[in-house]
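The values are calculated or read from the model by the stated rules, or taken from the named source; none is laboratory data. The model shown is predicted, which means the values in this text are computed figures rather than measured ones. FYI the Cβ positions are ideal-geometry reconstructions off the backbone, even for glycines, and counts take in every protein chain you see. Just so you know, the surface numbers come from the protein's heavy atoms only, side chains and all, with ligands and any DNA or RNA stripped out. Shrake-Rupley method; radii C 1.70, N 1.55, O 1.52, S 1.80 Å.
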Amino acid sequence: DEILRSLAGPPSPPGRAPPGWRVPVDCVRANELCAGEPSCSSRYRTLRQCLAGRDRNTMLANKECQAALEVLQESPLYDCRCKRGMKKELQCLQIYWSIHLGLAEGEEFYEASPYEPVTSRLSDIFRLASIFSGMDPATTSKSNHCLDAAKACNLNDNCKRLRSGYISTCSRELSATEPCSRRKCHKALRQFFDRVPGEFTFRLLFCSCKDPACAERRRQTIVPSCSYEDKEKPNCLDLRGACRTDHLCRSRLADFHANCQATFQSLTSCPGDNFQACLGSYAGLIGFDITPNYVDASTTSTTISPWCSCKGSGNMEEECEKFLRDFTENPCLRNAIQAFGNGTDVNLSPKNPSPAVTALPKAEKSPALPDDVNDSNTAYDTSVISTCSSLQEQGLKPNNSKEQSLCYSEAQLTTDVMPDQKTFKDPKGGSSRHRESRILLLIPILI
């Protein structure tokens with residue numbers, strides 16, 4: 001029971017949870033439990049009145065407010081958390097912040113995430129990515145993984161519908177002075193990334209690229225001309241401040257910092273070596289004014305940033321630069337993106353950090369790329385998932401020859417066909433690796 005409880009979330013501080021309470025519990029349920037307890041219910045109403053229009057110091061100077069806060073720290077509300085995408089997510093987050101904003105020591109640089117910690121790893125999705133990106137460089141240079149990701153999304157009805165919806169919304173020009181409805185575009189993007197499984201969204205966002213055309217398609221994934229770019233770049237601290245006035249945006253930003261904050265105490269530079277949590281938190285930021293994106297179509301470096309700068313920060317410039325570096329110079333985020341593109345989860349061998357590379361000039365704006373256009377310089381463009389899915393859609397079973405060789409399970413492909421896919425690929429590998437690559441080169445010929 002203790003092991004299951006530790007997996008469910010961080011333990012409560014000693015003495016905080018009274019006997020009988022199971023922690024953590026989602027904040028909507030915690031509110032219901034509090035409402036059924038007269039003492040908790042009355043103190044919660046008192047605290048909400050105390051927080052209305054008062055700063056923290058003024059609130060704590062009031063004995064009644066302080067007593068209410070002390071009582072609520074012993075209630076299930078103190079340890080409650082929310083699940084991203086839950087039915088009453090916004091209500092849950094409003095309850096969480098109604099308690100924790102009273103506990104915060106002013107405007108903290110990093111805030112605790114209101115979401116339950118991600119304990120599972122999408123190892124299967126990382127292995128799926130390895131099928132498309134863990135091959136010999138001679139093969140990968142002739143494939144556009146971002147185009148493959150778009151084709152895979154189109155084979156799934158839910159992914160295709162929601163992706164078409166946000167592309168249409170974000171590309172619809174309203175007038176000569178208003179190219180799109182940014183608000184509607186953001187809402188459609190949030191629906192896509194909240195409702196479509198990571199096996200599709202991660203491949204679209206974090207596909208690996210060997211040429212600028214592929215990298216530009218990746219940059220255009222979120223239709224940046226509407227969802228990301230603006231006429232002028234705001235100050236990053238102003239952007240953060242505006243985000244914190246919205247419970248949902250504030251929660252997603254706190255979750256990003258909790259799961260992607262670089263640490264040198266882990267092999268991958270990520271908290272708990274959990275790439276999945278970092279990538280999921282990154283995707284959770286898309287659809288807000290603080291939306292991050294690739295800054296260019298470079299294939300030699302991965303630079304991520306919100307649409308903001310530290311110009312005009314005054315005496316807050318150091319704090320602004322620190323906030324911006326959490327995106328632009330974050331080894332955890334960079335390693336997580338590269339690991340997914342290489343098809344490797346957290347079973348990594350130690351490696352030297354990537355050398356600093358001067359970013360290429362920003363690519364010119366281009367419309368969302370159609371999925372029937374091969375935008376990589378390649379003579380053919382194949383997708384194993386497309387082949388297998390097509391067979392399944394037609395109700396056919398692969399025969400014992402060429403189709404079957406393409407439709408191995410992910411585990412088989414990882415351990416049998418490509419046994420060394422759990423580490424980053426060395427293009428100067430030995431002869432055995434080249435023999436495996438020759439086998440993989442037969443796939444497009446068979447198709």
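Numbers for the structure displayed
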read-out	value
Per residue value of the accessible surface for the range 27-101 (all protein chains in place, 1.4 Å probe), Å²	53 Å²
Solvent accessible area, Å² - HIS247, 1.4 Å probe, full protein context	60 Å²
Rounded FRET efficiency, nearest 0.05, which uses the C-beta distance separating GLN91 from SER301 and R0 of 51 Å	0.80
Carbon/sulfur fraction of accessible area - the range 143-342, other protein chains in place, 1.4 Å, %	46 percent
